[in-house]
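Below is one structure, written out as structure tokens, with a few remarks after it.
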């Protein structure tokens, strides 16, 4: 498997193929998920081969957004099956990557440690200081795509419900992001109920 060549190829495709109105599901998000996944993989001491597959899944997990918004995970898996054989990924590798990508579909359903890490990396920002900025990128994206007409108070209520229902899968994510997520919940509650 030649991850470096695959990564460069996929990122080139994403840079030109993702629509500009994808304020949240942008190349920045994909790179953020990649970096978060690598951090969590180190903390969880993920085996080297699984880590390479995880890196690939992180770069590919939203690639389907180039073709469709709804069910983009399936479109991402189709692209993985199309592109990765050219970079010496085996069918077994590709199916493991497909499982990881599929796990990120809401509601998330991770079983393997690698898929748990990818799901946690995809929502890493829930427990970070930049939560509000990233949340607003998602809101702007949904407004632009006519997926919401919620006012700001309604948006915060939706975010609060999501944060309260969300649970990180991996121990590393819980240890590094749960406290920040609780802080973000507290801040939203203060905004809503003051």
Percentage relative contact order, the chain, counting C-alpha pairs under 8 Å, at least six apart:
23
Among 43, 118, 192, which comes first, then next, by fewest other beta-carbon atoms within 10 Å?
192, 43, 118
Put in order of increasing Cβ neighbours within 10 Å, starting from the fewest, 26, 112 give 112, 26
Using a 10 Å cut-off around each Cβ, can you sort 148, 56 from fewest to most neighbouring Cβ atoms?
148, 56
Based on alpha-carbon centroids, what's the gap between the stretch 42-78 and the stretch 116-138 in Å, whole number please?
16
Given [x] -0.49; [y] -0.65; [z] -0.56 as possible values of log10 I(q)/I(0) by the Debye sum over Cα atoms at q = 0.11 Å⁻¹, the one from the coordinates is [x]
For residue 27 and residue 192, what is the calculated FRET efficiency with R₀ set at 45 Å and r taken between the beta-carbons, to the nearest 0.05?
0.90
Of 154, 141, 50, which is the most mobile in a GNM of the chain whose springs link Cα atoms less than 10 angstrom apart?
154
When a/c is below 1.5 the answer is rounded, else prolate if a/b is larger than b/c, else oblate, so apply that to the stretch 94-194 with a ≥ b ≥ c taken from the square roots of the Cα gyration tensor eigenvalues.
oblate
Report the gain in length on full extension from residue 2 to residue 150: 0.36 nm times residue separation, minus Cα-Cα distance, nm rounded to one decimal.
48.8 nm
If you build a Gaussian network model of the chain, linking Cα atoms that sit under 10 Å apart, which residue out of 146, 71, 35 swings the most?
146
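Read the figures in this text as sums done on the coordinates, not as results from a lab. Given the structure is predicted, the values throughout are model-derived calculations rather than measurements. No Cβ is skipped: glycine too gets one built from the backbone with ideal geometry, and neighbour counts run over all protein chains shown.
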